[in-house]
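I have placed the structure first, in the form of structure tokens, so that the comments after it can refer back to it.
The values are calculated or read from the model by the stated rules, or taken from the named source; none is laboratory data. Please read these numbers as outputs of a predicted model, since none were measured by experiment.
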Amino acid sequence: MKLVAHVKRFIGLSSDVKPTTGYQLDGSDQTLSNVDLPAGSTSLETDTGDLPRWDGEKWRVVPEGGSAQTAIAEALNEVLIELRQLRIDFALLRLGMMSTGACKEVSRDDAELEYSTY
């Protein structure tokens, strides 16, 4: 397991030169080292939507041959799956609490009325 907490995020065009180790930042005396550009750093290409990732040696498009939109869609799908499972778990918990008398049944109208007062 590798901690990747200090990755860098760059934004530019697909035609822009992406930083590598030994690269000098715009108008700066700072030359990037492996510490300054850790594996996992990304460079969002605003004109294509691609999101190349630095693997420690070179920039690679993630997912291979895909785009940032594809990666985002896959991540959102995982979130939706988790959300569905949470809704099921919550419904089961509520039914269990209702069956033991720990809570009363709430109608949709009651829930909307309570929510609108916040």
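Summary of computed values
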{"quantity": "Residue, nearest to the chain's Cα centre (by Cα), within segment 59-82, restricted to residues that are at pLDDT 80 or above and under 17 Å from L13 (Cα atoms)", "calculated": "V61"}
{"quantity": "Selected residue (criterion: farthest from D50 (Cα to Cα)) from residues of segment 1-27 that are modelled with pLDDT of 75 or more and small (G, A, S)", "calculated": "G22"}
